[in-house]
Amino acid sequence: MQLEKYKIDEANHQQLKDHQRKFDFVAGDVKNLDTILQKLIDFNIAIPSWALGTGGTRFGRFSGGGEPRSLEEKIEDVGLIHALNRSSNSISLHIPWDIPSNASAIKAHAAQLGLHFDAVNSNTFQDQPDQEFSYKFGSLHHVDKAVRKQAVAHNIEVIKYGVELDSKALSVWLSDGSNFPGQLNMRGAFERTLESLQEIYDALPDDWKVWVEYKPYEPNFYSTTIGDWGQSYLLSSKLGQKAQTLVDLGHHLQGANIEQIVSLLLMEGKLAGFHFNDSKYGDDDLTVGSINPYQLFLIFNELVEGMDARGMTHATSIGWMIDASHNIKDPIEDLLQSVEAIKIAYAQALLVDTPALVQAQQDNDVVLAQEILQQAYRTDVRSLLAEARLRAGGALNPLAVYRQQTIRQQLINERGAKAVSTGL
Ligand code: AOS
Ligand code: ZN
Ligand code: ZN
Ligand code: ZN
């Protein structure tokens, strides 16, 4: 299904007076209002194809109904999200969960909804029915060269699919690691991973990047071969210019200072981008901003400051993506919430009085520095986001329109109450 523009306009019309009052109240205090609104309009976050269905845990999976049954329907769902928020203009595919068998038709379908294709993800953390060798003991780091070759070939095939879709990056996350001390020679595992990645790197088109994602544990619980940003950075440095480190917010041990990691990767030109989500314990993949929105703001504060210092365009210089999964929420509602949370953090970071902060840091005025950051963080920027959406042709309140228009019910009518999406 598609959401007709006039329905969004009608809803906006009803909310306009209320919006205007809230917007005027906040906008009066914002310097460079139009620049900030334009930055918000330009800022889009990619939607992962695997977040459009309800996810599972190892204990169970409860389908919400109306889930996309095909790649075409996943694209339609992203189209709905984008029509509502005008901030989700791309989709990231995971191969082989989403095989674009007819790339030109898929591309045309996406383009018609104003969408393009973000990074393509390879998958060597599961065995596929038709594959020759198992990844039970790893893929790119495997002790057996034949398994490594199979995993390299899969990644090169994913690049080929991506090229057909005009993607510009391959995103690699490996579950390779060990469950018990003694199982693996860690140096050997690292060296074999590097060698395999080098072969993949050599197959990248000139204008492509490879994003190397790290994660400390799960599914392996003793060692993970690309376990932290240092290991990913080491690999991406050895590989070359086209390799960078991908930061998934859930992939850190508790208490890690993610904003500091982000700031240094950015400084080195090695920040590929993000998998946004939130967590309380580990790789919880919860809705962005649902647990620790202040951390998200601090990350965006480093991003805005660091990107401005390097003359990077916020919207296009790195990869912005959600990587979340839900077993109790409507996935579309959840994604609308996540995109909103990301843009709130971004807008707040744009409000930071940078010259004043620089001066406070120079003066070692710790109290003032904190006041400056929190002044921005405690500003209610939601009406700025709404205004940006309005100007971009989206809904003042995407979630409310999604519910008023009973979109989930229509999807259930169309696809069935038991439709289950491919993915995890
Ligand atoms: C796994 O923990 C990672 O976050 C990857 O990005 C993975 O490819 C994605 O979450 C789909 O499972
Ligand atoms: Zn991820
Ligand atoms: Zn993850
Ligand atoms: Zn995660």
> If you average 1/r over every pair of different alpha-carbon atoms in segment 62-127 and take one over that average, what Kirkwood value in Å do you get?
Replying inline: 12.7 Å
> By the scheme Lys and Arg +1, Asp and Glu -1, what is the net charge of all other residues having a beta-carbon under 12 Å from that of N185?
Replying inline: +1
> About its Cα centre, how strong a charge dipole does the chain have in debye, to the nearest 20, once Lys and Arg get +1 and Asp and Glu get -1 at the Cβ?
Replying inline: 500 debye
>> With n ≥ 4 as the cut-off for DSSP H runs, can you work out [θ] at 222 nm for the chain, using -39500 (n - 2.57) per run divided by the number of residues, rounded to the nearest 500?
In response: -15000 deg cm²/dmol
> To the nearest 0.05, how large is the calculated FRET efficiency for E132 and E414 if R₀ is 35 Å and r is the Cβ-Cβ distance?
Replying inline: 0.35
> Which of the listed residues, A388, I322, L399, is farthest toward the dipole's positive end in segment 303-424, when Lys, Arg count +1 and Asp, Glu count -1 at the beta-carbon?
Replying inline: L399
> Straight-line reach from K145: which lysines have Cα under 18 Å away, leaving out those fewer than 8 places along the same chain?
Replying inline: K136
> Over 22 Å between Cα atoms, which of K74/K168; K74/K329; K209/K343; K107/K168; K280/K418 qualify?
Replying inline: K209/K343; K280/K418
> Label M1 and H116 with points 7 Å out from Cα along Cα→Cβ: what is the distance between them in nm?
Replying inline: 3.0 nm
> What distance in nm separates the simple spin-label points at T316 and R58, each placed 7 Å from Cα in the Cβ direction?
Replying inline: 4.4 nm
>> Can you give the FRET efficiency to the nearest 0.05 for D206 and K17, using r as the Cβ-Cβ distance and R₀ = 56 Å?
In response: 0.60
>> Given R₀ = 56 Å, what would the calculated FRET efficiency be for D166 paired with V366, taking r from the Cβ atoms and rounding to 0.05?
In response: 0.70
>> If I model a spin label at F25 and I99 as a point 7 Å from the Cα along the Cα→Cβ vector, what separation in nanometres do I get?
In response: 5.5 nm
>> Compute a Gaussian network model of the chain, connecting alpha carbons closer than 10 Å, and tell me which residue from T54, T406, T193 fluctuates the most.
In response: T406
> Which is farthest toward the positive dipole end of segment 108-266 among V143, V212, L249, measuring Cα position about the Cα centre, with Cβ charges +1 (Lys, Arg) and -1 (Asp, Glu)?
Replying inline: V143
> Given a cut-off of under 8 Å on Cα pairs at least six residues apart, what relative contact order in percent is computed for segment 245-404?
Replying inline: 20 percent
>> Let's see if you can work this out: charge +1 on each Lys and Arg Cβ, -1 on each Asp and Glu Cβ, no other charges. What is the dipole magnitude of segment 220-377 about its Cα centre, in debye to the nearest 20?
In response: 540 debye
> Is any residue of segment 128-145 close enough, with backbone N under 15 Å, to a label point placed 7 angstrom from the Cα of N185 along the Cα-Cβ axis, and if so, which?
Replying inline: 141-145
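Within a Cβ distance under 13 Å of G64, other residues only, what is the Lys/Arg minus Asp/Glu net charge?
0
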> Residue separation times 0.36 nm, minus the C-alpha to C-alpha distance between D9 and M307: what's the value?
Replying inline: 103.8 nm
> What's the extension gain from I291 to E199 if we count 0.36 nm per residue and subtract their Cα-Cα distance?
Replying inline: 29.2 nm
>> Just to confirm a number: summing +1 for Lys and Arg and -1 for Asp and Glu over residues other than I412 whose beta-carbon lies under 11 angstrom from that of I412, what do you get?
In response: 0
> Among S134, S87, which comes first, then next, by fewest other beta-carbon atoms within 10 Å?
Replying inline: S134, S87
> Where the centroid of each part is defined by its Cα atoms, how far is segment 271-293 from segment 312-349 in Å?
Replying inline: 10 Å
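Readers should treat all values here as calculations from the given coordinates under stated rules, not as data from a laboratory. Small disclaimer: the values here were computed from a predicted structure and weren't measured. Methodologically, a virtual Cβ is constructed for each residue, glycine included, from the backbone with ideal geometry; neighbour enumeration extends over all protein chains shown.
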